[in-house]
Amino acid sequence: MDFSLDQTQETVAEIVVGLLAREHTDPADTGGFSPELWQALAKADLLSLAVPERLGGDGLGVLEVATMLTEVGRGAAPVPALATLGFGVLPVLALGSTDQQDALLDGIAAGRVLTAALMEQGSAFPALPSTTAVTDGTDVVVTGRKIAVPFADIAHRILVPTDVGVVLVAPDAPGVTLTPSATSSGGPEFSVQFDAVRIPAADVLGGGLEGVATLHRIALASIGAYADGLLAGATALAADHLTTREQFGKPLAAFQAVAQQIADVYVTSRTLHVAALSSAWRVHEGLDAAGDLDVTAYWIATEIPAAMRTLHHLHGGIGVDVTYPMHRYFSIAKDLARLVGGASYRLDLVGARCSSI
């Protein structure tokens, strides 16, 4: 594969970088969501990258969305881009009928939010969800509980993996209960209870349990792209600090111990970049991406938090200052590590895959 960006992807990256440079957000704002920045992304037509041309979008694919998510992560931007594009738009394009796509994606360009319920208690990305969907006449009755659902309160629809496939549920539907849960970054996240929630059969996406697997693949590849940018952005932030901050008349970067630590983080960042890009490319090409996704998720759960701790240390006291952006990177990284299931869970999956080879 070619790891370089093509012209379209370079253009997407440049637009996102330029927009984030203009639309500043207050690092001290720990709310985890900037409606103004989200609308700025919408006005720049960045949210409609993957929306079909018949709906006024650009009709682009996984790699272009991954490029955008990487740059959003690089800026630690407090917007629901990962949830909407990676957990919503791309899976709907992969699994939805034309009518379903038209109904869901028509409002994305204007800032409509989508999300997915990827976790259950004690299980991240379960191949066979415990949430059930039972056909009852022309309806489907959904029962179960999901945790760690980002932006569920403002989402137009939640993509819910069940024992028969992925279904679409409105967060304000009768029988749906949203319970806020704490996050490191302050971003809105909820446990969602489905008590015999009735949805029309037309709100069941195609693919059955393979559709659940498809949702998981796309979501993990999107998380990888976002995490790639997040760590790269934090590393660049630290590198700039180390080259401009002086001690004993010399830049901090000139000290051997400091140089070794930032070099270790750089190696971690570049390794994650290769794994994340390979995962996105394989998903885009329709190839078996399971091994790459497992490695990427393990790296996110294990190596990124450790790298972020090192970057905090290299910043000294300023790293934990709420008015300085480093805390936002570290907090989002902790949330991502939890979202993919944690280090032990991901190590078990990598080990199981290696033992089967």
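The values are calculated or read from the model by the stated rules, or taken from the named source; none is laboratory data. All of these numbers come straight from a predicted model, not from anything done at the bench. Note that we place each Cβ from the backbone using ideal geometry, even for glycine, and neighbour counts take in every protein chain shown. Protein only, heavy atoms only, side chains kept; ligands, DNA and RNA dropped before computing areas. Shrake-Rupley method; radii C 1.70, N 1.55, O 1.52, S 1.80 Å.
Being in contact (Cβ under 8 Å) with a residue 12 or more places away in the chain, within 25 Å of Leu230 (Cβ to Cβ), part of a loop (DSSP other than H, G, I, E, B) and hydrophobic (A, V, I, L, M, F, W, C) is true for just one of Ala94, Ala42, Ala83, Ala77. Which residue is that?
Being in contact (Cβ under 8 Å) with a residue 12 or more places away in the chain, within 25 Å of Leu230 (Cβ to Cβ), part of a loop (DSSP other than H, G, I, E, B) and hydrophobic (A, V, I, L, M, F, W, C) holds for just one of Ala94, Ala42, Ala83, Ala77, which is Ala77.
Would you check if there is a residue in segment 222-233 being more than 17 Å from the chain's Cα centre (by Cα), surrounded by 16 or more Cβ atoms within 10 Å (Cβ to Cβ) and touching a residue at least 12 places away in the same chain (Cβ under 8 Å)?
No, segment 222-233 contains no residue that is more than 17 Å from the chain's Cα centre (by Cα), surrounded by 16 or more Cβ atoms within 10 Å (Cβ to Cβ) and touching a residue at least 12 places away in the same chain (Cβ under 8 Å).
Write out, first by first residue and then by second, each pair whose Cβ atoms fall under 8 Å of each other, whose residues are 6+ apart or on separate chains, and whose first residue, in segment 288-305, is within 13 Å of Asp228 (Cα to Cα) and touching a residue at least 40 places away in the same chain (Cβ under 8 Å) while the second is surrounded by fewer than 18 Cβ atoms within 10 Å (Cβ to Cβ) and among the aromatic types (Phe, Trp, Tyr).
Partner pairs satisfying both residue conditions: Ala301/Tyr345.
Are any residues in segment 127-161 assigned to a strand (DSSP E or B), among the hydroxyl-bearing types (Ser, Thr, Tyr) and out of contact with any helix residue (DSSP H, G or I) (no Cβ under 8 Å at 6 or more places or on another chain), and if so, which ones?
Passing the criteria: Thr132, Thr143.
I'm checking my understanding of the structure. Among residues of segment 245-276 that are hydroxyl-bearing (Ser, Thr, Tyr) and either open to solvent by 50 Å² or more (accessible area, probe 1.4 Å) or in a loop (DSSP other than H, G, I, E, B) (or both), which one is farthest from Thr70 (Cα to Cα)?
Among those residues, the one meeting the criterion is Tyr266.
For a quick check of your reading of the model, give me the residue pairs whose first member lies in segment 161-188 and is within 30 Å of Ala28 (Cα to Cα), whose second is assigned to a loop (DSSP other than H, G, I, E, B) and polar (S, T, N, Q), with beta-carbon atoms closer than 9 Å and at least 6 apart or on different chains.
From segment 161-188, the pairs are Ser185/Thr30; Gly186/Thr30.
Any residue at all in segment 323-343 that's free of Cβ contacts under 8 Å to residues at least 40 places away in the same chain and open to solvent by 50 Å² or more (accessible area, probe 1.4 Å)?
No, segment 323-343 contains no residue that is free of Cβ contacts under 8 Å to residues at least 40 places away in the same chain and open to solvent by 50 Å² or more (accessible area, probe 1.4 Å).
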